[in-house]
Amino acid sequence: MSFPANNTEVTFDGSAVRAACVQRSDYLAMMDPQRIAEHLLWKENLAANNSDILCTPDGNPACLMAVGVVAADRPQLEPLGNYRPQFEAPFSDAKLMFTLANPSEFDRQLGADFDRMVHNLTVLQHLGGKSKAHLYLLTKHRDRMAVRCGFPLFSARSSPYVAEDPTDYTLAHPVADQHKGLLDGVVKTHQINPYCFYDHANRLIEPPYLKQLLVGAVVEVVFNLQHWVIKPRNSNVISNDTFTARVVQVRVLRRSTARDVVNPFQSPDRRTGPYVPPLPAFTAPGTRGPVGPSPSLGA
């Protein structure tokens, strides 16, 4: 997969992006919080215990859309996702995780929309929650509210595993060699979920490049909401409600420029000699003018 050249100009028309967003029925920022319960409702999720999923009145999972920037805040976008061997959760439960933050630095109107979207998420949490503690969906990022999003790496197989199936990419998932055993351990019961992440040119982003291309990018995220009621073991008392924004699709609207920042002191080949910063074009009044590079310590 090729990347844009470092000198490629990054353009972003926030007004045009917003104009397209407000025409969509799934743009959460434009939903009326006073009437949101008329169009969205929580229904029991039969695929998981003590779980609900946000649905449309016809009973289908509701897909909601938001625009934000993928923050450099706990991005877990490598092929292992958030799997950690020191924890009890199996690899089959691993998720790709990222924080969707306010994009106001790129467009003020989209930033205001983001705040309205967060408010509507709060309303939906209150509609579905059974306790006063609503966890994991909304988080703080630089003193503003942000949204934690997750994409499950695996789903349970609906049919038996066939080793020669060319459409099954589970064993081809690009984990490091020392983690190949993790895939061997889940392949007969679970399969990899097809990636749904697309770059600024609408090309599928392959797993090894996901973190590099998403962190710092302005993205359109389509997701559905899931809710779990958490009770302590051997107790009927609800301790908290857990909410998750499960990613359906991510599309880059403005590519990240994080990889374009180059430290001139980090030359590809330091053997060619030291880097010496260029002389300033001017100096402030009353200061000493440019005198050239500093002498070496042995001078």
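Answer yes or no as to whether D32 is open to solvent by 20 Å² or more (accessible area, probe 1.4 Å), free of Cβ contacts under 8 Å to residues at least 12 places away in the same chain and assigned to a loop (DSSP other than H, G, I, E, B).
Values: open to solvent by 20 Å² or more (accessible area, probe 1.4 Å): yes; free of Cβ contacts under 8 Å to residues at least 12 places away in the same chain: yes; assigned to a loop (DSSP other than H, G, I, E, B): yes.
Considered against the rule, which asks whether it is open to solvent by 20 Å² or more (accessible area, probe 1.4 Å), free of Cβ contacts under 8 Å to residues at least 12 places away in the same chain and assigned to a loop (DSSP other than H, G, I, E, B), D32 comes out as yes.
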Taking segment 197-227 and keeping residues in contact with a Lys or Arg (Cβ under 8 Å, 6 or more places away or on another chain) and of a type in the set (D, E, K, R) leaves D199, E220
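When residues of segment 108-117 are filtered for being over 15 Å from D32 (Cβ atoms) and crowded, with 22+ Cβ neighbours inside 10 Å, how many remain?
Step one: of segment 108-117, the residues over 15 Å from D32 (Cβ atoms) are 108-112, 114-115.
Pick out the ones that are also crowded, with 22+ Cβ neighbours inside 10 Å and you get 110, 114.
Of the residues in that region, 2 qualify.
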Reported set for segment 141-189 where residues are open to solvent by 40 Å² or more (accessible area, probe 1.4 Å) and either part of a strand (DSSP E or B) or of a type in the set (D, E) (or both) is H141, D143, R144, M145, A156, E164, D165, D177, D184
Exactly one of L110, L121 is outside any strand (DSSP E or B), within 18 Å of V221 (Cα to Cα), out of contact with any Gly (no Cβ under 9 Å at 6 or more places or on another chain) and at pLDDT 95 or above, and that one is L121
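Suppose we filter T189, T167 for residues that are out of contact with any strand residue (DSSP E or B) (no Cβ under 6 Å at 6 or more places or on another chain) and either under 19 Å from V67 (Cβ atoms) or touching a residue at least 60 places away in the same chain (Cβ under 8 Å) (or both); which single one remains? Walk me through it before giving the result.
Values: T167 fails: either under 19 Å from V67 (Cβ atoms) or touching a residue at least 60 places away in the same chain (Cβ under 8 Å) (or both).
Among T189, T167, only T189 is out of contact with any strand residue (DSSP E or B) (no Cβ under 6 Å at 6 or more places or on another chain) and either under 19 Å from V67 (Cβ atoms) or touching a residue at least 60 places away in the same chain (Cβ under 8 Å) (or both).
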Any hit, segment 35-58, residues being outside any strand (DSSP E or B), at pLDDT below 95, among the charged types (D, E, K, R) and under 25 Å from F197 (Cβ atoms) | no
Per the filter on segment 264-278, residues in a loop (DSSP other than H, G, I, E, B), surrounded by 10 or more Cβ atoms within 10 Å (Cβ to Cβ) and at pLDDT below 75 are S267
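Answer yes or no as to whether Y136 is modelled with pLDDT of 95 or more, under 28 Å from F243 (Cβ atoms), open to solvent by 60 Å² or more (accessible area, probe 1.4 Å) and in contact with a strand residue (DSSP E or B) (Cβ under 7 Å, 6 or more places away or on another chain). Working first, answer last.
On the way: modelled with pLDDT of 95 or more: no; under 28 Å from F243 (Cβ atoms): yes; open to solvent by 60 Å² or more (accessible area, probe 1.4 Å): yes; in contact with a strand residue (DSSP E or B) (Cβ under 7 Å, 6 or more places away or on another chain): yes.
Against the criterion (modelled with pLDDT of 95 or more, under 28 Å from F243 (Cβ atoms), open to solvent by 60 Å² or more (accessible area, probe 1.4 Å) and in contact with a strand residue (DSSP E or B) (Cβ under 7 Å, 6 or more places away or on another chain)), Y136 does not qualify.
The values are calculated or read from the model by the stated rules, or taken from the named source; none is laboratory data. Because the structure is predicted, anything quoted here is derived from the model rather than measured. All Cβ positions, glycine included, derive from the backbone under ideal geometry; neighbour counts span all protein chains shown. Heavy atoms of the whole protein, side chains included, go into the accessibility calculation; ligands, DNA and RNA do not. Shrake-Rupley method; radii C 1.70, N 1.55, O 1.52, S 1.80 Å.
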